[in-house]
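Report on the following structure.
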Amino acid sequence: MSPKNQIDDYRKAVAEGKRYLRKQRLQQEKMILEETKKPHTLLSPPLKSLARMSELLSQNYLEGSYVNGIKKVAWFSSGAPTEILQSLGFFLYTPDNHAALCGSRRVAVEYCEAAENVGYSRDICSYARTDIGAFLLNKTPVGKIPKPDLIVVCNNICQTILHWYQAMGVYYDAPVFLIDTPFLYEDAQDHQVEFVKNQLEELAEVAERISGNTFSMKKMTAIGDIGMEAAAVWLEILNKAKHRPAPITTFDAFILMGPIVAMRGQKVTLDFYRDVLKEVDERVKNGVAAVITEKYRVLWDNLPIWYRIKWTAETLASHGIAAVVSNYTLSWADSAQKLDPNRPIESCARTYLKSLLNRSAGYKLNDMKRLIKEFDLDGVLFHSDRSCKPYSLGQEDQRAILFDELHVPGLIMEADHNDARVFSEEQVANGINAFAEMMG
Amino acid sequence: MNIPRRKDIIKQAKEKGDKIAAVMPIHYPRALLRAYGFQPIELWGPPHVDHMGGVQHFPEYTCDIVHKSTYFLNSDEAKDVACTLIPHTCDSLQGMASVINDFIKPQSPILTLYHPRGRRKSDFLFMEKELKSLSAKLETVSGKSPSDSELLEHIRLENEAITVFEKVAMSREQYSLTDREFYTLLRSREYLPAETFIELAQKIPAGKPDLKGPGIMLSGIVPEPMALFDHINRFGAHVICDDLACCSRRIYQPCWGDDPISILANQMLSMPPDTTISTPFAERFAYLKKRVNEKGAQGMLVYNIKFCEPELFYMPLLEKAMKDISKPFLFIETELSDELSHQILNRINAFVEVLS
């Protein structure tokens, strides 16, 4: 096929797909509107914005299905800086988001099993197993996964991600660029920031070579500005849950976070979150409670249990528990306060180095204490995530200290973010029951 | 061979006025610690410590080294420890350093060291500064401030020990020792000062060892219990070479120069391929294949501690690649304990039969 025909086909397919997705979104909005007219006893109906979010992410995946040969493709880990890659015109795809989507669509176990069948242990990250399995089975719920021309991995969320992305690099025969972010046991030291900055400059050179385009600091700064603004709006949305009753729960935020993870730096993402903010403000104005009988307000620590979001939200709501904030969703609001448009590369380095998951257990504890105060919380739900060690190590001590110092009870719930086989509904339900009694 | 025990070395070091630094796996600058008057004693468990002791701080799905070391460092057994160095080896050791430092707060300080995963210019520059940062912390703890020439002297000594270690580790077939004796000797480097190890190595009885049956490459983190070697021999095979984190993965390149920190930075980035520094698979496999072929190993046994993610991620690709070059492969996962289960022994036995 000639390049011109290929571009024409790509444009046609994307345009047709977008028309279909728009139609789907309108239908979904209509359904949500009808839901709002019905009486609800546990949870308020979903935000209308969910339909738009679904459209936005689907459009992105749709483009990804046809993009090879049209644009260069860069995969990036969810905590990696994307500004440089975007400014060079790469189409961006994040396997983390894909894995989470597979979890919420409940196909992750099938993919995990495929990875396990070739020897990947059940003890490694279930996101990694999901993505590896998707490759091995050549299956995905998003159409087609774009083949990477470059894989950029940043270990500011864990070391596991490096092993996972390197395996993907082998399978897809693609170069892997590492942005190595030293773990911060204390405040970031100058040499740590400089290290990350140097690597970002190296990334710009590598990405420039692969993309065939020239790196422009001006372009990168403009993208950084949009990303920073989107992160600020995202933070504002999350902070709305400080209101009593909370207009949204952290489960809404888990669903809504897709674009800030996968598509930050895009104008469409910023516009989307501005619309979400308006809708949430409307809820506050009208006194709409996300959990109808909000009695207890709690913090969610760690990743969600993607395959049981609805069940968890409803089970908690049945006890009057509203999970109003999560340090996980707040992680993508970090750049709202730290990106300095005047020193983009250094600022970028500082921001990504200071990701919550790259901070000590003590820092996380202090952050929890702040959230407990600011969101007026009654308890903390610790998701002990079997295949996410960096997030889960420290929870035992954090729970004990919060109780000793603030008399705030905590529940450690054993599960896994994507592997439904380690989830015991009865055990978790019993735990939540006891937790509600502790707060009562 | 008469190898000094850990407690003898601790006693000697204290008598000499040195302090004891407990060091977690895997890579760290020995010469730097020695120059500041610390005798590094590595902690790979210890296997005899109760696993349950760490459970109050870490979930069950954390590796035994973390569970047992945390408990050990918090016990009376660690009363001689003046500081603990926890290199950033993996998510679990990262979590351990953080939890101990922030919550358990032991009497002696916890020092950390980040080991960059790449081998670029930026990695080298960072390593230099990270080592300078560690030096400053060691100075605070020890109250000592060694000169460059003192540090260079320790580097010279460690370089010599590295050369000796490499010569021994790479020449299994030249020493008249059993597998267990041979690896006990190599592992004594976990606590022996360079000068003692060099002296000891000169006394190894040379001669052809009684190596029966097929030779295997042993990989993994740490071969505990050491009776593993006896069982391999009993089943009719021997360990001809290793890729163990506690042994051959620490054959650093001897480096020279005028700037001690620069030498150490170079050295810290010079080890063979290793899962914990995320060596790209192709590079690691090429290295292992070369070693297997050079030594005529007929198969590979990976003996791993449960929940060790860095090791686990390589397994499927490694198994396939080894089988593609007709080298049988066995992967075993176990917890650190004093005994091996029958199930594990049966698997090793069957593996040896396949090789024979």
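The values are calculated or read from the model by the stated rules, or taken from the named source; none is laboratory data. Only a predicted model underlies this, so the values are computations on that prediction, with no experimental measurement involved. As a convention, Cβ positions derive from the backbone with ideal geometry for all residues, glycine included, and neighbour counts pool all protein chains shown. Note: areas computed on protein heavy atoms with side chains; ligands, DNA, RNA excluded. Shrake-Rupley method; radii C 1.70, N 1.55, O 1.52, S 1.80 Å.
Apart from one condition, B:TYR303 fits all of (1) assigned to a helix (DSSP H, G or I); (2) of a type in the set (Phe, Trp, Tyr); (3) under 15 Å from the mean Cα position of the chain (by Cα); the exception is (1). Right, A:GLU208: touching a residue at least 12 places away in the same chain (Cβ under 8 Å), among the charged types (D, E, K, R), open to solvent by 20 Å² or more (accessible area, probe 1.4 Å) and within 13 Å of chain B (Cβ to nearest Cβ) or not? When the stated conditions are applied, A:GLU208 does not pass them. For the residues A:ASP378, A:ASP334, the requirement of being of a type in the set (Asp, Glu) and over 17 Å from A:ALA80 (Cα atoms) singles out A:ASP378.
Just need a number here: residues in region B:277-297 that are more than 12 Å from chain A (Cβ to nearest Cβ), open to solvent by 30 Å² or more (accessible area, probe 1.4 Å) and part of a helix (DSSP H, G or I). Step through it out loud before you land on a result.
Narrowing region B:277-297 to residues more than 12 Å from chain A (Cβ to nearest Cβ): B:286-297.
Narrowing the set further to residues that are open to solvent by 30 Å² or more (accessible area, probe 1.4 Å) leaves B:286-287, B:289-290, B:293-296.
Pick out the ones that are also part of a helix (DSSP H, G or I) and you get B:286-287, B:289-290, B:293-295.
Residues in region B:277-297 being more than 12 Å from chain A (Cβ to nearest Cβ), open to solvent by 30 Å² or more (accessible area, probe 1.4 Å) and part of a helix (DSSP H, G or I): 7 in total.
Test of understanding: among A:TRP311, A:TRP300, which residue is outside any loop (DSSP other than H, G, I, E, B) and open to solvent by 40 Å² or more (accessible area, probe 1.4 Å)? Sole residue among the options that is outside any loop (DSSP other than H, G, I, E, B) and open to solvent by 40 Å² or more (accessible area, probe 1.4 Å): A:TRP311.
Identify the residue in region A:356-412 that is among the polar types (S, T, N, Q) and part of a helix (DSSP H, G or I) and, among all such residues, is farthest from A:ALA429 (Cα to Cα). Don't jump to the end; show me each part of the working.
Within region A:356-412, the first condition is being among the polar types (S, T, N, Q), and the residues that meet it are A:358, A:360, A:366, A:384, A:387, A:392, A:395, A:398.
Among the residues that remain, those that are also part of a helix (DSSP H, G or I) are: A:358, A:366, A:392, A:395, A:398.
On the way: A:ASN358: 31, A:ASN366: 28, A:SER392: 20, A:GLN395: 20, A:GLN398: 22 Å.
Of everything passing the filter in region A:356-412, A:ASN358 is farthest from A:ALA429 (Cα to Cα).
Scanning region B:42-62 for residues being hydrophobic (A, V, I, L, M, F, W, C) and facing chain A (nearest Cβ under 9 Å) gives a total of 2.
Would you mind listing the helices (runs of 4 or more DSSP H) fully within region A:65-147 where at least 2 residues are within 14 Å of chain B (Cβ to nearest Cβ), farther than 24 Å from A:SER211 by Cα and out of contact with any strand residue (DSSP E or B) (no Cβ under 6 Å at 6 or more places or on another chain)? Give the steps one after another, and end with the answer.
Working: elements: A:83-87, A:95-104, A:108-117, A:126-137.
Ranges flagged: A:108-117, A:126-137.
Only one entry of A:GLY265, A:GLY227 meets the criterion of being under 18 Å from the mean Cα position of the chain (by Cα), assigned to a loop (DSSP other than H, G, I, E, B) and within 30 Å of A:ASN342 (Cβ to Cβ), and that entry is A:GLY265. Among the residues of region B:83-114, those that are assigned to a helix (DSSP H, G or I) and either more than 7 Å from chain A (Cβ to nearest Cβ) or open to solvent by 20 Å² or more (accessible area, probe 1.4 Å) (or both) comprise B:LEU93, B:MET96, B:ILE100, B:ASN101, B:ASP102, B:PHE103, B:ILE104. Of everything listed in (1) open to solvent by less than 10 Å² (accessible area, probe 1.4 Å); (2) under 28 Å from B:LYS320 (Cβ atoms); (3) part of a loop (DSSP other than H, G, I, E, B), the single unmet condition for A:ALA174 is (1). Residues in region A:135-171 that are more than 22 Å from A:CYS388 (Cα to Cα), among the hydrophobic types (A, V, I, L, M, F, W, C) and open to solvent by less than 10 Å² (accessible area, probe 1.4 Å): A:LEU150 alone. Applying the criterion of being surrounded by fewer than 20 Cβ atoms within 10 Å (Cβ to Cβ) and part of a helix (DSSP H, G or I) to the residues of region A:341-355, the residue that is nearest to the chain's Cα centre (by Cα) is A:ARG350. Checking B:ASP274, B:ASP243 one by one, the residue that is within 26 Å of B:GLU158 (Cβ to Cβ) and either in contact with a Gly (Cβ under 9 Å, 6 or more places away or on another chain) or open to solvent by 10 Å² or more (accessible area, probe 1.4 Å) (or both) is B:ASP243 and no other. In region A:356-376, the condition of being surrounded by 24 or more Cβ atoms within 10 Å (Cβ to Cβ) and more than 14 Å from chain B (Cβ to nearest Cβ) is met by no residue.
Looking at region B:50-80, which of the residues that are open to solvent by 20 Å² or more (accessible area, probe 1.4 Å) and in a helix (DSSP H, G or I) is modelled with the lowest pLDDT? Step by step, filter region B:50-80, then rank; the result is B:HIS51. Selection of region A:377-431 for residues being on the phi > 0 side of the Ramachandran plot and open to solvent by 20 Å² or more (accessible area, probe 1.4 Å) yields only A:HIS407.
Filtered by the rule that a residue be of a type in the set (D, E, K, R), without any contact (Cβ under 8 Å) to a residue 60 or more places away in the chain and in contact with a Gly (Cβ under 7 Å, 6 or more places away or on another chain), region A:365-401 gives a lone residue, A:ARG399.
Condition first: closer than 30 Å to A:THR82 by Cα and outside any helix (DSSP H, G or I). Can you find one or more residues in region A:271-288 that meet it? Checked against the condition, which is being closer than 30 Å to A:THR82 by Cα and outside any helix (DSSP H, G or I), region A:271-288 yields no hits at all.
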